[in-house]
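Visitor: Sending over a structure as structure tokens; questions will come in a sec.
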Amino acid sequence: MDNKIMITALLVVSTLFTTYAQKLQSGSFEFLKNQSEINVTFDYSNLTVTKKKISEQAYLQKRDEEVRKKKPEEDFYKTWQQQKEENFPNKFFASINKNSKIHFSKNPKAKYTLVVKSEWLDPGTPGMKNALLNSKLVFVETENPENVLLVIGVDKAQGKSMAMHRNIMISECYAMTAKKLGAFLEDKIK
């Protein structure tokens with residue numbers, strides 16, 4: 001019983017002291033005024049994982065070995081790709097569209113595109129340690145992606161450790177990133 005109380009207390013304290021932040025790195029919010037829709041793409045090309053900041057490929061290899069020891073039939077690579085293509089974006093869209101007047105979706109016909117660049121991920125430990133995500137949110141012209149209009153950094157977006165699966169925790173990091181972005185935009189676009 002004492003161990004459960006101690007673990008719960010540690011979780012509460014770690015949640016209170018793990019802060020996340022978003023900050024304007026460059027650009028202006030002016031172009032977003034009067035916009036009703038923004039296209040969104042996800043970029044994992046420079047993602048590093050864990051406190052050691054290993055490459056995504058090295059993490060996948062290590063994690064696949066761990067998973068196959070317990071479940072030899074499971075294809076972790078396939079599961080990870082599905083998470084990146086479907087679950088992470090879906091959580092992001094659900095959260096941002098609750099928290100912003102602008103509609104965000106996969107619509108390449110929109111005038112502007114938000115590129116969600118995942119930079120660092122700590123997948124956390126279910127029931128013990130929150131997942132954390134650092135990302136760079138880059139707004140560009142859809143027709144001219146070299147024209148960067150706005151860059152916002154989001155550090156330590158949390159996926160709560162109460163979830164009993166890492167992929168759910170990581171998905172929650174994308175939801176939190178979107179929630180913070182939505183609040184930031186609502187504050188800056190008047």
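The values are calculated or read from the model by the stated rules, or taken from the named source; none is laboratory data. This is a predicted model, so every value here is computed, not measured. Cβ atoms come from the backbone with ideal geometry, glycine included; neighbour counts cover every protein chain shown. Heavy atoms of the whole protein, side chains included, go into the accessibility calculation; ligands, DNA and RNA do not. Shrake-Rupley method; radii C 1.70, N 1.55, O 1.52, S 1.80 Å.
Visitor: For THR142 and MET164 in the same chain, what is the full-extension length gain: residue separation times 0.36 nm, less their Cα-Cα distance, in nm?
Guide: Contour length minus Cα-Cα distance gives 4.1 nm.
Visitor: Rounded to the nearest 0.05, what FRET efficiency do THR50 and LYS71 give with R0 = 22 Å and r taken as the Cβ-Cβ distance? Could you check?
Guide: Values: r = 21 Å, r/R0 = 0.96.
The calculated FRET efficiency here is 0.55.
Visitor: Considering only DSSP beta bridges with both partners in the chain, what is the antiparallel share in %, to the nearest 5? The partial results should precede the final answer.
Guide: On the way: 28 of 38 bridges.
Around 75 percent antiparallel, to the nearest 5.
Visitor: Divide by every residue of the chain the summed helix terms, -39500 (n - 2.57) for each DSSP H run of at least 4, and state the resulting mean residue ellipticity at 222 nm, rounded to the nearest 500 deg cm²/dmol.
Guide: -12500 deg cm²/dmol
Visitor: Taking the highest mean first, how do the peptides 157-166, 113-122, 174-183 order by number of other beta carbon atoms within 10 angstrom per residue? Display every interim value, and only then the final one.
Guide: Details: 157-166: 17.6, 113-122: 20.7, 174-183: 22.6.
Those peptides, ordered most packed to least, come out 174-183, 113-122, 157-166.
Visitor: Further, regarding this structure: Accessible area per residue, 1.4 Å probe, Å², for the chain: what's the number?
Guide: Here the residues of the chain average 57 Å² of exposed surface.
Visitor: Rounding to the nearest 20 debye, state how big the charge dipole of the chain is about its Cα centre with +1 on each Lys and Arg Cβ and -1 on each Asp and Glu Cβ.
Guide: In total the dipole reaches around 420 debye.
Visitor: So for the chain, what percent of the C-alpha to C-alpha distances run longer than 20 Å? List each step's numbers first, then the result.
Guide: On the way: 10120 of 17955 pairs.
Beyond 20 Å sits 56 percent of the P(r) for the chain.
Visitor: Is any residue of the range 130-154 close enough, with backbone N under 14 Å, to a label point placed 7 angstrom from the Cα of GLU186 along the Cα-Cβ axis, and if so, which?
Guide: Correct set: none at all.
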